[in-house]
1. What's the local net charge at GLN116, with K and R +1, D and E -1, over the other residues with C-beta under 13 Å away?
2. By how many nm would the segment from SER171 to ASN18 grow when fully extended, if each residue of separation counts as 0.36 nm and the alpha-carbon distance is taken off?
3. Only Lys, Arg, Asp and Glu count, each charged at its Cβ (+1, +1, -1, -1), so figure out the dipole size of the chain about its Cα centre, rounded to 20 debye.
4. Starting from 0.36 nm per residue, how many nanometres of slack lie between ASP43 and ASP93 once their C-alpha separation is accounted for?
5. What does the highest-first list of 18-25, 154-161, 98-105, 140-147 look like by mean Cβ count within 10 Å?
6. Could you grab the Rg to Rh ratio for the chain? Cα atoms only, Kirkwood for Rh.
7. Compute the whole-percent fraction of alpha carbon pairs in the stretch 74-144 spaced more than 21 Å apart.
8. Rounded, prolate or oblate: pick one for the stretch 108-174, where a ≥ b ≥ c are the square roots of the eigenvalues of its C-alpha gyration tensor, a/c under 1.5 means rounded, and failing that, prolate if a/b is larger than b/c, else oblate.
Amino acid sequence: MHIFLTGDIQIGKSTVINKTLNLLKITPQGFRTYFGPDRAMEDRLLYLNSAALPQVCCEEKAIVRFGAGRPPEVLSERFDGYGAQLIRSVRADSDSALILMDECGSLESGALVFQQEILAALAGTKPILGVIKLASTGWTDQIREHAKVTLLTVTRENRDRLPQLLADLLSDVL
């Protein structure tokens with residue numbers, strides 16, 4: 001069972017995931033992307049790290065540079081290197097019960113190795129809980145349309161109920 005959440009920006013997708021993980025009382029493997037304390041600034045970084053580790057805001061974990069008046073500078077080699085390794089290692093880890101993918105979107109469009117690792121994980125049997133951008137971004141359609149993926153849209157109306165629903169669904173397969 002693979003469940004991906006989608007919805008508007010800042011609607012609470014990652015919050016739903018965090019609450020679900022707390023209900024399940026597990027620390028997942030996989031990856032998280034996140035902004036650091038500079039989130040509100042024009043020049044800021046997006047980071048990627050292991051889902052099992054605390055957020056680290058340093059240059060080595062940066063995957064995208066955003067700046068005023070210029071398109072995002074995506075560091076595809078970091079997706080293809082560290083990001084792909086995170087997915088590859090959790091697929092091979094028999095002790096890991098759940099793969100977290102928070103989040104998949106257009107920024108990874110040039111990271112073909114990373115994409116292939118995600119698709120290989122989808123073909124596997126280890127459950128995945130993830131987030132995917134609301135808008136179609138080309139390669140992410142392969143996730144949306146995958147036979148093993150259930151896509152749930154997070155809204156203001158359902159976001160408080162979703163963690164318990166997801167915990168119930170996932171506890172049956174963990």
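1. Numbers: positive: ARG88, ARG91; negative: ASP80, GLU108, GLU117.
Neighbour charge sum, excluding GLN116 itself: -1.
2. On the way: separation 153, 0.36 × 153 = 55.08 nm, distance 1.50 nm.
Fully extending the segment from SER171 to ASN18 adds 53.6 nm.
3. Working: 19 positive and 21 negative charges, 61 e Å.
Charge dipole, the chain, about its Cα centre: 300 debye, nearest 20.
4. Working: separation 50, 0.36 × 50 = 18.00 nm, distance 3.72 nm.
Stretched out fully, the ASP43 to ASP93 stretch lengthens by 14.3 nm.
5. Working: 18-25: 16.1, 154-161: 13.0, 98-105: 22.6, 140-147: 14.6.
Packing order, densest peptide first, comes out as 98-105, 18-25, 140-147, 154-161.
6. Values: Rg = 15.4 Å, Rh = 16.3 Å.
Rg divided by Rh gives 0.94.
7. Details: 457 of 2485 pairs.
Distances greater than 21 Å cover 18 percent of the Cα pairs.
8. Values: a/c = 2.70, a/b = 1.40, b/c = 1.93.
The shape class here is oblate.
None of the figures in this text is laboratory data; all of them are computed from the coordinates on show. The structure displayed is predicted, hence computed values, not measured ones. Please note: Cβ atoms are built from the backbone with ideal geometry, for glycine as well, and neighbour counts cover all protein chains shown.
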